[in-house]
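S.K.: Sharing a structure here in structure tokens format.
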Amino acid sequence: MEINQYGTMVDAVNGLKAKGFLGDFNIDEEGLYVTDNKEKHFLAEEVEVVEFHRFEGMSDPGDMSIVYALQLTDGTKGILIDMFGTYSSAKVSEFFKHIGNIKHNEH
């Protein structure tokens with residue numbers, strides 16, 4: 001497992017994009033989708049979490065975010081960003097409960 005080399009969320013996004021995670025993902029009631037193509041949705045079993053990185057705000061411990069690097073069964077790679085903890089998205093949390101393969105890199 002690769003050690004988290006990112007100091008900030010922006011660094012993580014830029015680093016992951018440099019690794020080929022170019023899509024921007026979101027989740028709605030129908031599943032995960034690429035933000036510029038909301039017509040095609042993916043179920044949890046079609047998603048692999050390749051990496052994820054958590055970050056805590058410097059001035060506010062409640063300001064936490066998580067960056068997921070995802071790969072879909074069709075080969076699409078991209079990023080999904082969510083808040084972590086109290087302010088996390090219920091849709092994202094529920095979706096990720098059903099993903100079987102998650103690799104972990106934590107900051």
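S.K.: Please report, as a whole percent, how much of the solvent-accessible surface of the stretch 1-43 comes from carbon and sulfur atoms (probe radius 1.4 Å).
M.R.: Percent of accessible area from carbon and sulfur atoms in the stretch 1-43: 54.
S.K.: Please list, in chain and number order, the residues 5+ apart from S89 or on another chain whose amide H is under 5 Å from its amide H, with Hs placed from the backbone.
M.R.: M83
The values are calculated or read from the model by the stated rules, or taken from the named source; none is laboratory data. Here the structure is a predicted model, which is why all the values come from computation and not from measurement. For accessibility, only protein heavy atoms count, side chains too; no ligands or nucleic acids. Shrake-Rupley method; radii C 1.70, N 1.55, O 1.52, S 1.80 Å.
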